[in-house]
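Inspection log for the structure reproduced underneath, given as structure tokens.
The values are calculated or read from the model by the stated rules, or taken from the named source; none is laboratory data. As the structure is a computational prediction, the values presented were derived from the model and not from experiment. FYI the Cβ positions are ideal-geometry reconstructions off the backbone, even for glycines, and counts take in every protein chain you see. Keep in mind that these areas ignore ligands, DNA and RNA; they rest on the heavy atoms of the full protein, side chains included. Shrake-Rupley method; radii C 1.70, N 1.55, O 1.52, S 1.80 Å.
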Amino acid sequence: MQRFRTLAKSRRSLSSLCSVVDVFQQRKFSAHTAAFARDEEQVRVEGGAASRTVIFNRPSSLNALTTTMGSRLIKLYESWEENPDIGFVIMKGSGRSFCAGGDIVSLYQLLNDGKVEDCKNFFRTLYRFIYILGTYLKPHVAILDGVTMGGGGGVSIPGTFRLATDKTIFANPETIIGFHPDAGASFYLSHLPGYLGEYLALTGEKLNGLEMMACGLATHYYPSEKFDWVDHRLDSLVTDDPSVIETSLEQYGDIVFPDKESVVRRMELVDKCFRHDTVEEIIDSLETEASKSGSNWCSSALKKLKDASPLSLKVSLRSIREGRFESLDQCLTREYRMSVHGISKHISNDFCEGIRARLVEKDFAPKWDPPTLGHVSEDMVEEYFSPLGESDLELELPVKTREAFL
């Protein structure tokens, strides 16, 4: 009888333990499911008659990109490319932004926590997606309604169609945070008319939707009030033919021109000042023009250059110049090297310092190192472009299965 009571007590204890384990496993599964759901919510998906739409869904962060978002984009785009029922893909953002680029505040926090490998993974993932988009076999429509900066341009401009609006604000402001225009920017900026790419890369100046259309960064322009019509038309289209999509988009597009103060109407002056071989010569040319004509435009460009990281200015100018003679994959591979060197702090801490001053503490008084253009040595610039060390892998892109373009 005593043995039976002991066995029964043991079974009750075992049953209690199993219940505890079950609860733990359920909670663990629920937490994993919730995390997966949160990850999926960062990039939502909607379906049309013969299309899929990805929606960046971090409106409180201006849809800034994360590694999770990049991984999800790769998975979705690769699966859709193989799906014969999907004719084309649409990309847009939620809230008042299309995409403000990478989540650099999170990168700043990771670097301060010593998690450099996580930052490298972010750049690897983002650049891989950009290459997939740039070699995508199906038509792609990016709706750039709102803030479109940095990596936001990178994940849209390599696609087939880019739709700008009267709310579009485009820029590559990397030099003011101690970085370089990346995510394919050295490819698409270097292919703009004249030396406009150098101007945008060095000053970080903004373009509106009309200016994007005028210089070729956008393929179409619409007032925001027409976008319900455009959305409805795209949603109902059943095609995989870019020319059919082009014809549909043209039905709603407006023929408009930038105002007389726009940079695209100052191309002669842009080329005259930004054609030079060095940042110092560019600044000298702007100062000469400003003193001769009293041009507010020259004065504004000078101020932006003097606010930027001196090292970033020199690195970015060389990057744009090299991008003019490289394919997309070559630009991304070089930019990855530059990004890894830029976050490693062995050349300079300007990336973290720029983010601190602009976005974290917001004192807008970065302490650049080196502090002036004269202190930036050729060796410093050269090191940015050097191959990665033995402990770092170079960027691997699927170039054998996806043909790059010039």
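Is there a residue being out of contact with any Asp or Glu (no Cβ under 9 Å at 6 or more places or on another chain) and open to solvent by 40 Å² or more (accessible area, probe 1.4 Å) anywhere in the range 95-102?
Looking for residues that are out of contact with any Asp or Glu (no Cβ under 9 Å at 6 or more places or on another chain) and open to solvent by 40 Å² or more (accessible area, probe 1.4 Å), one finds at least one in the range 95-102, hence yes.
Take residue 396 and decide whether it is out of contact with any helix residue (DSSP H, G or I) (no Cβ under 6 Å at 6 or more places or on another chain), acidic (Asp, Glu) and part of a loop (DSSP other than H, G, I, E, B).
Here the answer is yes, as residue 396 does meet what is asked.
Looking at residue 161, is it touching a residue at least 60 places away in the same chain (Cβ under 8 Å) and either in contact with a strand residue (DSSP E or B) (Cβ under 9 Å, 6 or more places away or on another chain) or open to solvent by 20 Å² or more (accessible area, probe 1.4 Å) (or both)?
For residue 161, the condition - touching a residue at least 60 places away in the same chain (Cβ under 8 Å) and either in contact with a strand residue (DSSP E or B) (Cβ under 9 Å, 6 or more places away or on another chain) or open to solvent by 20 Å² or more (accessible area, probe 1.4 Å) (or both) - is met.
Which residue out of 350, 369 is open to solvent by less than 30 Å² (accessible area, probe 1.4 Å), acidic (Asp, Glu) and either modelled with pLDDT of 95 or more or out of contact with any Leu (no Cβ under 8 Å at 6 or more places or on another chain) (or both)?
Exactly one residue qualifies, and that residue is 350.
Residue-wise test of (1) assigned to a helix (DSSP H, G or I); (2) under 30 Å from residue 357 (Cα atoms).
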site	(1), (2)
76	yes, no
84	no, no
90	no, no
106	yes, yes
117	yes, yes
122	yes, yes
132	yes, no
137	no, no
142	no, no
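Mind counting the residues in the range 183-197 that are open to solvent by 10 Å² or more (accessible area, probe 1.4 Å) and not hydrophobic (A, V, I, L, M, F, W, C)?
Count: 5.
Can you tell me which residue among 362, 345 is out of contact with any helix residue (DSSP H, G or I) (no Cβ under 8 Å at 6 or more places or on another chain), at positive phi and open to solvent by 10 Å² or more (accessible area, probe 1.4 Å)?
362
Quickly run through the range 296-355 and pick out the residues that are outside any helix (DSSP H, G or I), touching a residue at least 40 places away in the same chain (Cβ under 8 Å) and within 20 Å of residue 185 (Cα to Cα).
Of everything in the range 296-355, those that are outside any helix (DSSP H, G or I), touching a residue at least 40 places away in the same chain (Cβ under 8 Å) and within 20 Å of residue 185 (Cα to Cα) turn out to be 308, 309, 324, 326, 327.
What tally of residues in the range 177-205 results from selecting those that are of a type outside the set (Gly, Ala, Ser) and not in a loop (DSSP other than H, G, I, E, B)?
Qualifying residue count, the range 177-205: 9.
Being open to solvent by less than 100 Å² (accessible area, probe 1.4 Å) and in contact with a Pro (Cβ under 6 Å, 6 or more places away or on another chain), is that true of even one residue in the range 247-262?
The answer is no; no qualifying residue exists.
Which ones in the range 200-219 are open to solvent by less than 10 Å² (accessible area, probe 1.4 Å) and either over 15 Å from residue 313 (Cβ atoms) or in contact with a Phe, Trp or Tyr (Cβ under 6 Å, 6 or more places away or on another chain) (or both)?
207, 209, 212, 217, 218, listed by residue number.
Restricting attention to the range 222-241, report how many residues are open to solvent by less than 50 Å² (accessible area, probe 1.4 Å) and either closer than 30 Å to residue 358 by Cβ or part of a helix (DSSP H, G or I) (or both).
Adding up the residues that qualify gives 5.
Scanning the range 144-158 for residues that are open to solvent by 10 Å² or more (accessible area, probe 1.4 Å) and assigned to a loop (DSSP other than H, G, I, E, B), which turns out nearest to residue 46 (Cα to Cα)?
145
Quick one: which residue in 240, 277 is free of Cβ contacts under 8 Å to residues at least 12 places away in the same chain and of a type in the set (D, E, K, R)?
Matching residue, one of 240, 277: 277.
I'd like the residue in the range 200-216 that is of a type in the set (Gly, Ala, Ser) and touching a strand residue (DSSP E or B) at 6+ places or on another chain (Cβ under 8 Å) and, out of all such residues, is nearest to residue 274 (Cα to Cα).
204
In the range 233-278, how many residues are at pLDDT 95 or above and small (Gly, Ala, Ser)?
1
Taking the condition of being open to solvent by 60 Å² or more (accessible area, probe 1.4 Å) and touching a Gly at 6+ places or on another chain (Cβ under 8 Å), how many residues in the range 327-342 meet it?
0
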